[in-house]
Amino acid sequence: MHKSKQIQIVPEERIIQRIVLLRGEKVILDIHLAELYGVETRVLKQAVRRNMERFPEDFMFELTEDEVGSVVSQNVIPHKKYLGGAKPFAFSETGVAMLSSVLKSDTAIEMNICIMRTFVSLRKLSVNYQEVMRVLDEMREQYDNQFEDIYRVLEHLIHKPQPSRNMIGFKRHDDKRP
């Protein structure tokens with residue numbers, strides 16, 4: 001019971017900070033998962049390599065050199081040397097779920113539960129964000145139309161066509177005087 005309470009202390013923000021977007025997917029790198037699970041990255045990778053049939057491309061993939069450069073430039077990892085010469089694995093939400101069948105320690109299982117809950121929270125936030133953006137787009141369209149009407153009225157008032165008026169004053173006649 002003590003271990004369970006200790007795992008729950010890991011704040012969701014700490015997990016969220018480890019999630020990166022690669023190949024259009026939200027993923028967590030093996031080095032960060034190992035850190036969260038309290039195991040060496042080497043141990044995590046060995047367990048995955050022994051069970052590769054459980055990790056198809058949409059569950060886990062190895063980063064390319066360009067992707068490694070990208071995560072370094074985004075400060076996800078401090079530098080390439082941090083990886084120890086190996087290319088990291090990136091795990092999708094389903095890949096993280098599959099890790100619980102490979103890493104059987106109580107800590108790994110409890111941490112998996114926390115990570116999965118974080119992914120679910122992010123998905124809910126994403127749905128809420130999309131709804132807010134849809135409403136904002138509708139409002140912008142509505143207000144753009146209203147502002148267009150206001151703009152036309154103001155433009156009309158500022159540049160109102162003046163009716164022709166009769167000139168006041170002396171008229172000059174083109175009569176010829178001797």
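The values are calculated or read from the model by the stated rules, or taken from the named source; none is laboratory data. All values derive from a computational prediction rather than experimental measurement. Ideal geometry is used to build each Cβ from the backbone, glycine not excepted, and the neighbour counts take in all protein chains shown. Quick note on the areas: whole protein, heavy atoms, side chains included, nothing else; ligands and nucleic acids left out. Shrake-Rupley method; radii C 1.70, N 1.55, O 1.52, S 1.80 Å.
Rundown of residues vs (1) under 29 Å from Leu125 (Cα atoms); (2) within 21 Å of the chain's Cα centre (by Cα); (3) not in a helix (DSSP H, G or I), yes/no style:
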residue: Ala34; (1), (2), (3): yes, no, no
residue: Leu44; (1), (2), (3): no, no, no
residue: Ile77; (1), (2), (3): yes, yes, yes
residue: Ala86; (1), (2), (3): no, no, yes
residue: Ala90; (1), (2), (3): yes, yes, yes
residue: Glu110; (1), (2), (3): yes, no, no
Please specify each residue of the range 10-30 satisfying the condition of being in a helix (DSSP H, G or I) and open to solvent by less than 20 Å² (accessible area, probe 1.4 Å). Ile15, Asp30
I'm checking my understanding of the structure. Among residues of the range 36-75 that are open to solvent by less than 70 Å² (accessible area, probe 1.4 Å) and without any contact (Cβ under 8 Å) to a residue 24 or more places away in the chain, which one is farthest from Met116 (Cα to Cα)? Gly69
Would you mind stating whether Val96 is among the aliphatic types (A, V, I, L, M), under 18 Å from Lys26 (Cβ atoms) and open to solvent by 50 Å² or more (accessible area, probe 1.4 Å)? no
